[in-house]
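Structure first, commentary second.
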Amino acid sequence: MENRGQSCDITRVPQDWNFYFRKVNGKLASIALDLGLMEFVPDGARRHLLWVWVYLRWPRHDGLSDSSEFEELVAVEEALTAKLGERFDTVLSGRITTDGRREFYYYGVHSDCFDETVSATMERFPGYRHDSGHQLDKDWRQYLDVLYPSEENQQKIENRKVLDALQKRGDALKLPRDISHWVYFRAAEDRANFRNAVRKLQYRVRSESELGGRDYPLGICIVRFQSIQPAEVDDAVIELYRLAKECHGDYDGWETEVISDDARHS
């Protein structure tokens, strides 16, 4: 991106927090990060990666956090973020919850007396054990290589945004329905190969288009009647995303109708 690495006050960048799940070192992990930082990393002023691992008191069987610890963990994060921001001019880039702990990853302007500062802050939370450390990470590799989602996980984040929007409009996501997907290609042969492949997956072709001025001008809209449950949507989208890649195309998202409780009972 054009602005990446430019000098700016990264603490004033509008935040865009989101999360996704994946395996880290063979363990299920919930990864939350500020996607809004991506355009401005690496930040030359904050070259030090500072981390704090806080061990959960009552982890779930899968190693993630239980709702009973939610408020305490929020308080821990707020206290750490405030003190580290004051002492090291940090920005919180993300956190990973996995294997019975929550890992906070900050970037700061220096790391002098970091462990001592963390220990003093954590004295407010005697029920929690912690570890801390720091290293030079001028290229923000932790953010880019570990925290930032893969293309497929980005698709899952986008799926959740659409599902959240449906729920906000009163959709309980219980009834199956038609879901429309858009995919674009450079070559007619690639679009034809994709069309033939998705028909075997019970998709119907709703329309095809040609849009000038695009890298991938040849579009196709396909539709299938299916469940709207998150796992089923993710499976369908990732399958189409991979198939589009195999056919040298670009998957461009999906949409569906809202089925509200009022509509179902009218």
Got a sec? Which of PHE194, PHE225 is within 17 Å of VAL258 (Cα to Cα), in contact (Cβ under 8 Å) with a residue 40 or more places away in the chain and in the same structural domain as VAL258 (by TED's automatic domain parsing)? PHE225
Residue, modelled with the highest pLDDT, within the stretch 1-43, restricted to residues that are within 15 Å of VAL109 (Cα to Cα) and surrounded by fewer than 12 Cβ atoms within 10 Å (Cβ to Cβ): ASP9
Taking only the stretch 148-185 into account, find how many residues are out of contact with any Asp or Glu (no Cβ under 6 Å at 6 or more places or on another chain) and closer than 13 Å to ILE220 by Cβ. 3
Which one of these is within 29 Å of GLY253 (Cβ to Cβ), of a type in the set (D, E, K, R) and either assigned by TED's automatic domain parsing to the domain that holds LEU28 or at pLDDT 95 or above (or both): ASP115, ASP99, ASP139, ASP145? ASP145
Kindly indicate which of ARG60, ARG46 is in the same structural domain as TYR105 (by TED's automatic domain parsing), more than 27 Å from ALA120 (Cβ to Cβ) and not in a strand (DSSP E or B). ARG60
Which of the residues that make up the stretch 57-96 are more than 27 Å from ARG12 (Cα to Cα) and touching a residue at least 60 places away in the same chain (Cβ under 8 Å)? ARG57
From GLY219, GLY212, which residue is modelled with pLDDT under 95, over 26 Å from the mean Cα position of the chain (by Cα) and outside the structural domain of ASP16 (by TED's automatic domain parsing)? GLY212
Candidates GLU232, GLU255, filtered to the one that is surrounded by fewer than 17 Cβ atoms within 10 Å (Cβ to Cβ), part of a strand (DSSP E or B) and at negative phi: GLU255
Would you point out the residue of the stretch 178-191, among those that are in contact (Cβ under 8 Å) with a residue 60 or more places away in the chain and loosely packed, with under 15 Cβ neighbours inside 10 Å, that is farthest from ARG214 (Cα to Cα)? ASP178
Inside the stretch 123-165, the number of residues satisfying the requirement of being touching a residue at least 24 places away in the same chain (Cβ under 8 Å) and more than 19 Å from the chain's Cα centre (by Cα) is 15
For GLU123, which of the numbered conditions (1) over 17 Å from LEU144 (Cβ atoms); (2) surrounded by 15 or more Cβ atoms within 10 Å (Cβ to Cβ) fails to hold? (2)
Can you find a residue that is farther than 25 Å from PHE114 by Cα, in contact with a Ser or Thr (Cβ under 7 Å, 6 or more places away or on another chain) and assigned to a strand (DSSP E or B) anywhere in the stretch 63-76? no
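The values are calculated or read from the model by the stated rules, or taken from the named source; none is laboratory data. Every value quoted in this text rests on a predicted model; they were computed, and no experiment measured them. Positions of Cβ are generated from backbone atoms using ideal geometry, with glycine treated the same way; all protein chains shown enter the neighbour counts.
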